[in-house]
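Beneath this line is the structure, given in structure tokens, with notes to follow.
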């Protein structure tokens, strides 16, 4: 870490991954060990010693005589944490002061100091990040996030097989038939079915249900007793935020999912668009996408947290939230490409065999496809944090023409992939896109994004303008004719070179001058493209540049003498 990187880090302020420590009164070693443990028990981060809470650099005191020996401090941290934590330490000179930067990676299991103190990074009651106690219940959640503990596989000692409901097993069989699950399970008895799905454990020659078994087949009273955190709320809110419907479900999961789907279907209205002899229904929300989002909410939630799953039906969107953030390594930025990482593997395995989720575990793709194929915005996970996963599905007016276009591709045997739909959806709403933004959308590299854009270009769905490096893409004229208006195509495509030249010259005639940024905004170009246009006009004797660098501007060429002579 150098001074520039340090300044950039300080400018962003304290967060769950960045902690400032004043060293005006020298920080004692135990405090350093505790802060390192807190970062290791969270998502990792950086401890900066010699920086005040407000970001002012006041400097770190030497810790080993007249200097700070990074190797000695690193060894001290290693020997005073359990398990021993490796760190990367730099003493950085900045603003005339020394700052000790200690970088910590997330540890693959809960950590503590040698004195037995366990902490983690949290958001305090004042809304600011800080280090707080890491209680055993939180350590259980951490182990689940890291994949070290499967809460759903834990045996419920004190319970007998009788707490499982024969009606729930019958409902599981009906679900297997309806969703085309593992039909080999259909002929098994209740006990054999529970064993095949690994919903019970053999203990002292008797079958004892585990958490997954209780969630899928438990009697309602037994579930309330053993798993009081299992509740799913279905709420309908009006525009003022008042709750008009508030249903709570806490029975076996298969029954809960059926009840939730009934409430959803009763409110999910459809419109139709005609395609020749075919009628295509376009619902307010994709049933398949909604189903996958709810399945994910109950399957991947943290059942150790005393919180509940909420499904909220707002006038223009659905909000589905579940306790516990994403599992370790999964973020909003890599959600589409990260390999499946269920928080409860035993429960996920049963879901797959029953048919509630697909074998690949890529249900998130269906959530996105359900929104995109009807010309609605992509699912929004931006409200997700370490406390819970929250997804917003936007409703409102769908594009019937866009839905018909997607359906046509399916019918013709050339279905659009998720990557292609993500890009077309962005173009539908924002008109233009470049390869960098396309890469962020599909959560892959720029080369992958260019390949998708080129495939769409070959299928005559997008057109490109500009050189390869700064190429801008928009929907093609033929696609606009299919799903939009010609005027939309003209606005999206921008202006041709002759128009751009005339627009710049007219702006100079009216205002006396123009800057590169103004020309870029006027002609809908990148600043590099605007620079080339302005230079060309200078070469042709139409304009001349005054000044240099950021302050430069362009004026009409003065004939017969050099400007300023």
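Could you check how many residues of region 145-154 are in contact with a strand residue (DSSP E or B) (Cβ under 8 Å, 6 or more places away or on another chain), surrounded by 20 or more Cβ atoms within 10 Å (Cβ to Cβ) and closer than 22 Å to residue 199 by Cβ? Count: 1. Any chance region 258-266 includes a residue that's more than 21 Å from residue 174 (Cβ to Cβ) and surrounded by 12 or more Cβ atoms within 10 Å (Cβ to Cβ)? No. Among the numbered conditions (1) surrounded by 14 or more Cβ atoms within 10 Å (Cβ to Cβ); (2) in contact (Cβ under 8 Å) with a residue 12 or more places away in the chain, the only one that residue 30 does not meet is (1).
Residue-by-condition table, conditions (1) surrounded by fewer than 18 Cβ atoms within 10 Å (Cβ to Cβ); (2) touching a helix residue (DSSP H, G or I) at 6+ places or on another chain (Cβ under 7 Å); (3) closer than 21 Å to residue 326 by Cα:
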residue: 86; (1), (2), (3): yes, yes, no
residue: 89; (1), (2), (3): no, yes, no
residue: 120; (1), (2), (3): no, yes, yes
residue: 132; (1), (2), (3): yes, no, yes
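Check 162, 157 and return the single one that is exposed (fewer than 13 other Cβ atoms within 10 Å of the Cβ) and either part of a strand (DSSP E or B) or touching a strand residue (DSSP E or B) at 6+ places or on another chain (Cβ under 7 Å) (or both). That would be 157, the only listed residue that is exposed (fewer than 13 other Cβ atoms within 10 Å of the Cβ) and either part of a strand (DSSP E or B) or touching a strand residue (DSSP E or B) at 6+ places or on another chain (Cβ under 7 Å) (or both).
Within region 176-192, the set of residues being closer than 18 Å to residue 258 by Cβ and crowded, with 17+ Cβ neighbours inside 10 Å comprises 176, 181.
Going by what's in this entry, would residue 120 be described as out of contact with any strand residue (DSSP E or B) (no Cβ under 7 Å at 6 or more places or on another chain), in contact (Cβ under 8 Å) with a residue 60 or more places away in the chain and not in a loop (DSSP other than H, G, I, E, B)?
no
Going through 240, 221 one at a time, which residue ends up being more than 20 Å from residue 343 (Cβ to Cβ), within 30 Å of the chain's Cα centre (by Cα) and surrounded by fewer than 17 Cβ atoms within 10 Å (Cβ to Cβ)?
Criteria check complete, one pass: 240.
Among the residues of region 236-257, what is the count of those that are out of contact with any strand residue (DSSP E or B) (no Cβ under 7 Å at 6 or more places or on another chain), closer than 26 Å to residue 173 by Cβ and assigned to a loop (DSSP other than H, G, I, E, B)? Result for region 236-257: 2.
Selection of region 189-235 for residues being part of a loop (DSSP other than H, G, I, E, B) and without any contact (Cβ under 8 Å) to a residue 12 or more places away in the chain yields 189, 204, 205.
The residue of region 510-543 that is surrounded by the most Cβ atoms within 10 Å (Cβ to Cβ), among those that are over 19 Å from residue 434 (Cα atoms) and modelled with pLDDT under 85, is 511. The single residue among 98, 115, 76 that is in contact (Cβ under 8 Å) with a residue 24 or more places away in the chain, more than 32 Å from the chain's Cα centre (by Cα) and assigned to a loop (DSSP other than H, G, I, E, B) turns out to be 115.
Hey, can you tell me all the residues within region 165-177 that are in a helix (DSSP H, G or I) and in contact with a strand residue (DSSP E or B) (Cβ under 8 Å, 6 or more places away or on another chain)? Result: 168, single match. Between 43, 35, 19, 14, the distinction of being at pLDDT below 90, assigned by TED's automatic domain parsing to the domain that holds residue 100 and within 28 Å of residue 108 (Cβ to Cβ) belongs to 43 only. So is residue 456 under 32 Å from the mean Cα position of the chain (by Cα) and at pLDDT 80 or above or not? Here the answer is yes, as residue 456 does meet what is asked.
The values are calculated or read from the model by the stated rules, or taken from the named source; none is laboratory data. What you see is a predicted model; the values in this text were computed from it and never measured. Neighbour counts are summed over all protein chains in view; Cβ atoms, including those assigned to glycine, are modelled from backbone coordinates with ideal geometry.
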